[in-house]
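See below for the structure under consideration.
The values are calculated or read from the model by the stated rules, or taken from the named source; none is laboratory data. Everything numeric in this text was worked out from a predicted model, so none of it was measured. Please note: Cβ atoms are built from the backbone with ideal geometry, for glycine as well, and neighbour counts cover all protein chains shown. When the accessible area is computed, the model is the full protein with side chains, heavy atoms only, and any ligands, DNA or RNA have been set aside. Shrake-Rupley method; radii C 1.70, N 1.55, O 1.52, S 1.80 Å.
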Amino acid sequence: MKKISLITPMYNEAPMVSLYMEKVQEILTKLNGYEYEIICINDGSSDDTLTLLKQEQEKNDHLVIIDLSRNWGQEAALSAGLLTATGDCAIPMDADLQDPPELIPLLIEKWEEGYDVVNAKRVSRKKDTAFKRQSAGLYYRILEKLSPKVKIPQNVNNFRLLDKKVVDTINNLPETNRVLRIEIPFVGFKSCEIQFVRQKRAKGKSHYPFKAMVNLATSSITSLSTKPLSWSLPVTLIILALFICSGIAELVLFILQACEINYFLSEVGYWGWLIINVLLLLAFCLGTMLTVISLYTAKIVEESQHRPSVIIKEIIKK
Ligand code: UDP
Ligand code: MG
């Protein structure tokens, strides 16, 4: 019998524990022909999350609790869950029921059709604040620009179904900077999307204030691409172009002035302009050095990630 692993990180989710267990249990018991485990990761909560999970475990043999040594963050907690999962597929989801458990049967249906990754895409962000909608839009636009080869699905967070082979591949990635929503598209495999409307958090409050959102965005960008390191090159070239135009213009005026053909510039104007040109030349030299350093740094980052150069899905022989 195939086994489903539901993986949920929990950080100070005491108000949610029993409601979450009730809802997911209701859906999972209705799945005919599947075994399941519910893996809850206590991510260093300072409230009663762990105690409540232990109480739930007394009533529920399917519940596996992973207690982390401190608060490591959602991505690290999910990694711990993926490493522990024993199912034929894994479904990471949030504890606050914003990812509706009612979608689990549909995710499984798609998996049975042969998809290795089933992404759950949010169709509407109407329930988000205007700021969250705008910042999420910008975040996905930047990711799209940065990775022409690896397509990062828009508005898909960690709620997805992953086949065991995808889970194993991700577990074997050696990098320590874990960002699941970047790693899943990076490893590839046959993927599809289902759509859903994200609900409001059932109870408790969000753990993603502005600072945590910025951290996630920077981790995603650095995990996805070293492209920002190459941005110093076009800037340096623009500075060079400005220097050339400005330098030539000043030289022409200087020659005209020397030949006493025309008097465009005062003495002060001439020296002021010369200082600007010298500064442009210095900026160009610094930009060139920065570009060289960036090129080498990009190589170091790529090598230090130790990501595989290629991932084989299957070798088909006759
Ligand atoms: N979470 C976690 N560790 C953290 C922050 C959050 O395990 O340091 C969990 C949290 O308990 C929830 C999920 O990650 O299950 C998503 O968090 P939240 O609902 O606060 O994020 P939002 O939906 O506001 O983006
Ligand atoms: Mg939430």
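Ranking request for peptides 6-16, 171-181, 297-307: highest mean number of other beta-carbon atoms within 10 Å first, then the rest in descending order. Intermediate values should be presented prior to the final figure.
Numbers: 6-16: 23.2, 171-181: 14.8, 297-307: 12.7.
By packing density, highest mean first, the sequence is 6-16, 171-181, 297-307.
Rounded to the nearest 20 debye, what is the charge dipole size of the chain about its Cα centre when +1 sits on each Lys and Arg Cβ and -1 on each Asp and Glu Cβ?
On the way: 37 positive and 35 negative charges, 142 e Å.
Computed about the Cα centre, the dipole is about 680 debye.
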Which value, in Å² and to the nearest 10, is the accessible area of Asp48 when all protein chains are kept and the probe is 1.4 Å?
-> 90
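Is region 175-221 best put as rounded, prolate or oblate by its Cα gyration tensor, with a ≥ b ≥ c the root eigenvalues, rounded for a/c under 1.5, and otherwise prolate when a/b is larger than b/c, oblate when not? Write down the numbers at each step before the final one.
Numbers: a/c = 2.88, a/b = 1.18, b/c = 2.43.
Judged from the Cα gyration tensor, region 175-221 comes out oblate (a/c at least 1.5, b/c at or above a/b).
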Take every DSSP beta bridge whose two residues both sit in the chain, then give the antiparallel share in percent to the nearest 5.
-> 15
Which pairs in the list Lys190/Lys318; Lys54/Lys211; Lys165/Lys211; Lys205/Lys227; Lys126/Lys190; Lys121/Lys149 are over 25 Å apart, alpha-carbon to alpha-carbon?
-> Lys54/Lys211; Lys165/Lys211; Lys205/Lys227; Lys126/Lys190
So which DSSP H runs in the chain come out at 30 Å plus along the axis (Cα) with average Kyte-Doolittle of at least 1.0?
-> 232-258, 267-305
For region 1-45 and region 258-318, compute the distance between their C-alpha centroids and round to whole Å.
-> 51
Could you state how much accessible area Val235 has, in square angstrom rounded to the nearest 10, with a 1.4 Å probe and all protein chains kept in place?
-> 80
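First check a/c for the chain, with a ≥ b ≥ c the square roots of the eigenvalues of its C-alpha gyration tensor; if it is under 1.5, answer rounded, and if not, answer prolate when a/b is larger than b/c or oblate otherwise. Numbers along the way, then the final one.
Details: a/c = 3.11, a/b = 2.44, b/c = 1.27.
Prolate shape, in that a/c is at least 1.5 and a/b is the bigger ratio.
Hey, any idea what % of region 111-182's accessible area is carbon plus sulfur with a 1.4 Å probe?
Working: 1920 of 3560 Å².
Reported share for carbon and sulfur atoms: 54 percent.
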Positive-pole candidate from Ser191, Thr29, Gly73, dipole of the chain, charges at beta carbon = Ser191
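How much of the accessible area of region 196-318, in percent, comes from carbon and sulfur atoms when a 1.4 Å probe is used? Please list the in-between numbers first.
Numbers: 6710 of 9150 Å².
With neighbouring chains kept in place, the figure for region 196-318 is 73 percent.
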Heavy-atom surface of the chain, accessible at 1.4 Å and reported per residue (Å²) | 56
With a ≥ b ≥ c from the Cα gyration tensor eigenvalues, square-rooted, and the rule rounded for a/c under 1.5, otherwise prolate when a/b > b/c and oblate otherwise, region 1-84 is oblate
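Ignoring ligands, DNA and RNA, please state the percent of accessible area on region 1-108 from carbon and sulfur, probe 1.4 Å. Working shown, then result.
Values: 2200 of 4480 Å².
Exposed carbon and sulfur together represent 49 percent of the surface.
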Distance in nm between Thr222 and Lys190 label points, each 7 Å along Cα→Cβ, equals 3.7
So what is the 222 nm mean residue ellipticity for the chain from helices alone, if each DSSP H run of at least 4 adds -39500 (n - 2.57) and you divide by all residues, rounding to the nearest 500 deg cm²/dmol?
-> -16500 deg cm²/dmol
